[in-house]
1. Between GLY75, GLY24, GLY45, where does the largest GNM mean-square fluctuation fall for the chain, given springs only between Cα atoms within less than 10 Å?
2. Taking springs between alpha-carbon atoms closer than 10 angstrom, which of ALA91, ALA44, ALA52 fluctuates most in the Gaussian network model of the chain?
3. How much mean residue ellipticity at 222 nm does the chain get from its helices, if each DSSP H run of length 4 or more adds -39500 (n - 2.57) and you divide by all residues, to the nearest 500 deg cm²/dmol?
4. Using Cα atoms only, what is the angle between the long axis of helix 79-93 and the major principal axis of the chain, expressed in degrees (0 to 90) to the nearest 10?
5. Per the 1.4 Å probe, what fraction of the accessible area of the chain, in percent, lies on carbon and sulfur atoms?
6. Have a look at PRO79, PRO15, PRO26 and tell me which one the Gaussian network model of the chain (Cα, springs below 10 Å) gives the largest fluctuation.
7. Only Cα pairs under 8 Å and at least 6 apart count here; give the relative contact order of the chain as a rounded whole percent.
8. In degrees, nearest 10, range 0 to 90: what is the angle between the Cα axis of helix 26-53 and the longest Cα principal axis of the chain?
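The values are calculated or read from the model by the stated rules, or taken from the named source; none is laboratory data. As the structure is a prediction and not an experimental result, all values here were calculated from the model. We work out accessible area using only protein heavy atoms, side chains counted, and drop any ligands, DNA or RNA first. Shrake-Rupley method; radii C 1.70, N 1.55, O 1.52, S 1.80 Å.
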Amino acid sequence: MSTQNTTAADYTTVPLDFPQEAGGTPSNRCLDWNVCEELALHLAGECARVQAESDRSVRPVDILLKSYRLVEALGWGEPPLLRWVVRRVAALLDWPLPDIARPV
């Protein structure tokens, strides 16, 4: 897992599947993506730690679902952005995707 220490200035680095706000500007989309990518990288580390410290009865999909619900309850983003974050965490960890995070 690699981290990104600088804010991307190139709008082409934003993944095509990253949600776009209606009427949003490319610079805002880039900023949103950088924030979400940082959150995903952080959550990936936390989720991996939780799995390593838990018994094997805890499924990765349940850890991701709990993470989604936590960041949602904390108000850390709109649902489309949070779904993307969970999809990114699942991809980073090569874990199955919970239904709540599937693209709509």
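1. For the chain, modelled as a Gaussian network with Cα springs under 10 Å, the answer is GLY24.
2. ALA52
3. -18500 deg cm²/dmol
4. 60 degrees
5. Roughly 55 percent, rounded to a whole number.
6. PRO15
7. Here the relative contact order equals 28 percent.
8. Around 10 degrees separate the two axes.
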